[in-house]
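Trainee: Dropping the structure in here first, questions after.
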Amino acid sequence: MDSSWDDLTLAFSHTSMFPFFDIAHYLVSVMAMKHQPGAAAVARKNPVSSWFTAMLHCFGGGILSCVLLAEPPLKFLTNHTNVLLASSIWYIIFFCPCDLVSQAYSFLPVQFLAAGMKEVTRTWKIVGGVTHANSYYKNGWIIMIAIGWARGAGGAIVTKFEQLVKGDWKPGGDEWLKMSYPSKLTLLGSVIFTFQHTKHLAISKHNLMFFYTAFLVTTKITMMTTETSVTLAPLEDTLSRMLFGWQKQFSWCEKKSETKPSSNGTGSSASKPIADASENVKKKHNKKTE
Amino acid sequence: MDSSWDDLTLAFSHTSMFPFFDIAHYLVSVMAMKHQPGAAAVARKNPVSSWFTAMLHCFGGGILSCVLLAEPPLKFLTNHTNVLLASSIWYIIFFCPCDLVSQAYSFLPVQFLAAGMKEVTRTWKIVGGVTHANSYYKNGWIIMIAIGWARGAGGAIVTKFEQLVKGDWKPGGDEWLKMSYPSKLTLLGSVIFTFQHTKHLAISKHNLMFFYTAFLVTTKITMMTTETSVTLAPLEDTLSRMLFGWQKQFSWCEKKSETKPSSNGTGSSASKPIADASENVKKKHNKKTE
Amino acid sequence: MDSSWDDLTLAFSHTSMFPFFDIAHYLVSVMAMKHQPGAAAVARKNPVSSWFTAMLHCFGGGILSCVLLAEPPLKFLTNHTNVLLASSIWYIIFFCPCDLVSQAYSFLPVQFLAAGMKEVTRTWKIVGGVTHANSYYKNGWIIMIAIGWARGAGGAIVTKFEQLVKGDWKPGGDEWLKMSYPSKLTLLGSVIFTFQHTKHLAISKHNLMFFYTAFLVTTKITMMTTETSVTLAPLEDTLSRMLFGWQKQFSWCEKKSETKPSSNGTGSSASKPIADASENVKKKHNKKTE
């Protein structure tokens, strides 16, 4: 790569998130919160509670990573500027006369711009998390991945936990298990940046930040315009088949454990009855507990 | 103010909470716990669990403030004297022959004295929390307010969380949102003491402690004797109208968003339908989830 | 005691838990997790979530003790070897072709050996917890007991909390209250080792470790072979009568509080109506909340 390209990505990687990207992040987060049913009524009835929820939406990832590293969960409050910024955005979104902000936000290009800028902050958060975890635990690469992930995608977890405690949401057994698409992308990014940090990836950090951010923004905008969900299904399938699927070739022992020997010999179908059986067990168990 | 008055309030602010005020606090907390249905039966069936709940009632505020500052939540156990004192009070309240303590406590002047003394400890806790938070974060005034509040009124939150985890209590969506009256007063006190600490209030700390304590004790005793709840409604209304109500004068844009233009032009009534609408949305949502 | 006995117990107390005893602990923990209904299906559908649950089962006690001491809950991830060991065991248990490991584990002597070795790790954890807590709080014996207990038996609590958050389990009011038998034994062990550490028990640590481990393993194997539960009932009864039962001799005041004076004068039966009454109160309360 030539020097001018390097200069460009280096300059990009030094972009300050404050104030514009942070504003976009707070805007998207608080608008997501406002679109939950009842949020506007709560804001009028009990502004303190609404403000508290808004702060959890804006700073959730940081709070989770603080909890996981045993730092004060209130640490984000020391950054007065950002708290006041987020509070102002919460205030104008919920209490602006004529709901001007919501109306401006319903204009599609604004949404695209805000969503794109929010994705940029995600890269910065992952890198920040990985670096921060590394300052605690030299070469603790599992922790680096975990903290990068928590900071990048932990807001969703904190918000869900808040709803659970409030009784607004009941988990359906496997709700927590299903990772959302941004959460998976963040995990992927966290793994990549950790490997870059531990020198296992021969790419400079600023180039990686540029490419990862470009990837995040592109997929986000694509998903918003086409309203389809770009999935990581091929990658996941390959990984899952490599790690958890190779046992299927041992089809002879699957057959043994069945009462009726199934005639189809392919591995993929032979493993099905077992999954069915365990799901039956689950159903029975659910019936019992009901 | 003359010197003798200053001496009086200074002496008051140096009063040690140990042992008498602490005893009053533990007494009121454990009696409140005993009056919960089933508490006496649990104490006989499983003393360890009952003791644990009693400790949460007595030291809840301290535990919450420790969690928020990433200090060990078990820190209160290092103060052996206070733990043993609280344990003794739990023991004599639940296991005293003939239920003597409960009978003595049902005598009204004793209740008044204990409740008044408990309110005194609240001031000390708020001041302690604000000072402690300041030792971590110089000028972190949001954290100082939060920790002062958590230490003064956090026991209720910790206790509710314990009941939630035990399944004794189901939150009804906005149960957490409604702050109790003591909780509001504690927040007010926490704000005042923080401003005093950051030199934004030109009053000496010992005078402020005296006046705030006098206010707390007076309102508490008044509420207990008249069995009415003194509310902060006027103050809240004023604040809420200043902060969140000024948009109502823009009544022309409220009208636009309605299907039927309402004839009444006053701001306060024009904003009603919107609140109604959002409550309808909430109801519909609840119906769906049921 | 002669020197050769001392040498034996000293050598025993210096046994390293890594790799064999740790393997047994992970094996028993993950097999217990696999026997929960639906666990196998979850592992195929969402390996990340299943792995996470397995880690909570394997390292739960350490995580709880970290939370209670305000250390990073992710600290266990720094021990890469043990994490990889536990992950491998999770992997071969859930994804081994032909379910070989489960079939080998269903062979009874293997279960006995693994369960016995797991109990040995419990002693090591209690001693580690007590020593670790002592390094923070000199002579904080209540904390030493609590941390020893948390590390030895905290896995069950962490696992239950995980199930609660997932919605797989609803607490029935007094589920948390009932301590399991291993949990009680761990509490007993934690108290004994704390007293040994503070020099209140005149026995050397290595001898105590040997006797306590022998006791743990013997009771565990006995319970598994006879399928009865050895209870601490006599000890508990004695303690409970000493601490909470002496009030029963004051039967004259129990009588006063009854509407119908009961004719039987023995203490144990006189106290019954009160317990009944408080249970009635509880039932009424439950009816109300239904």
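Trainee: So in the range A:48-80, with the set limited to residues that are closer than 14 Å to A:PHE95 by Cα and buried (at least 20 other Cβ atoms within 10 Å of the Cβ), which one is nearest to the other protein chains (Cβ to nearest Cβ)?
Mentor: A:SER50
Trainee: Further question: When you check B:ILE23 against the structure, is it within 21 Å of the chain's Cα centre (by Cα) and among the β-branched types (Val, Ile, Thr), yes or no?
Mentor: Numbers: within 21 Å of the chain's Cα centre (by Cα): yes; among the β-branched types (Val, Ile, Thr): yes.
Criteria met by B:ILE23.
Trainee: Please count how many residues of the range B:88-105 are within 10 Å of chain C (Cβ to nearest Cβ) and not in a loop (DSSP other than H, G, I, E, B). Don't jump to the end; show me each part of the working.
Mentor: Applying the first criterion (within 10 Å of chain C (Cβ to nearest Cβ)) to the range B:88-105 yields B:91, B:94-100, B:103.
If we keep only those that are not in a loop (DSSP other than H, G, I, E, B) as well, we get B:91, B:94-95, B:97-100, B:103.
Count: 8.
Trainee: Report those helices (runs of 4 or more DSSP H) wholly inside the range B:198-280 carrying at least 1 residues which are modelled with pLDDT under 60 and not assigned by TED's automatic domain parsing to the domain that holds B:PRO109.
Mentor: Details: elements: B:205-226, B:233-244, B:251-256, B:267-270.
So the answer is B:251-256, B:267-270.
Trainee: Next question, about the same structure. Can you find a residue that is touching a Cys at 6+ places or on another chain (Cβ under 8 Å), over 23 Å from C:PHE52 (Cβ atoms) and surrounded by fewer than 19 Cβ atoms within 10 Å (Cβ to Cβ) anywhere in the range C:98-110?
Mentor: Checking the range C:98-110: at least one residue is touching a Cys at 6+ places or on another chain (Cβ under 8 Å), over 23 Å from C:PHE52 (Cβ atoms) and surrounded by fewer than 19 Cβ atoms within 10 Å (Cβ to Cβ).
Trainee: Give the residues of the range B:1-54 that are hydrophobic (A, V, I, L, M, F, W, C) and in contact with a Cys (Cβ under 8 Å, 6 or more places away or on another chain), sorted by residue number.
Mentor: Across the range B:1-54, the qualifying residue is only B:VAL30.
Trainee: On the basis of being surrounded by 18 or more Cβ atoms within 10 Å (Cβ to Cβ), of a type in the set (D, E, K, R) and away from chain A (no Cβ under 12 Å), does C:ASP22 make the cut?
Mentor: Answer is yes for this residue.
Trainee: I want to confirm something. Restricting to the range A:28-38 and keeping residues that are under 23 Å from A:THR121 (Cβ atoms) and free of Cβ contacts under 8 Å to residues at least 12 places away in the same chain, which single residue is farthest from the other protein chains (Cβ to nearest Cβ)?
Mentor: Top of the filtered list is A:HIS35.
Trainee: Could I ask something else about it? Taking the condition among the small types (Gly, Ala, Ser), modelled with pLDDT under 90 and in the same structural domain as B:GLU71 (by TED's automatic domain parsing), does B:GLY148 pass?
Mentor: The answer is no for B:GLY148.
The values are calculated or read from the model by the stated rules, or taken from the named source; none is laboratory data. Bear in mind that the values here come from a model prediction, so they are computed numbers and not experimental data. Neighbour counts run over all protein chains shown; Cβ positions are idealised from the backbone, glycine included.
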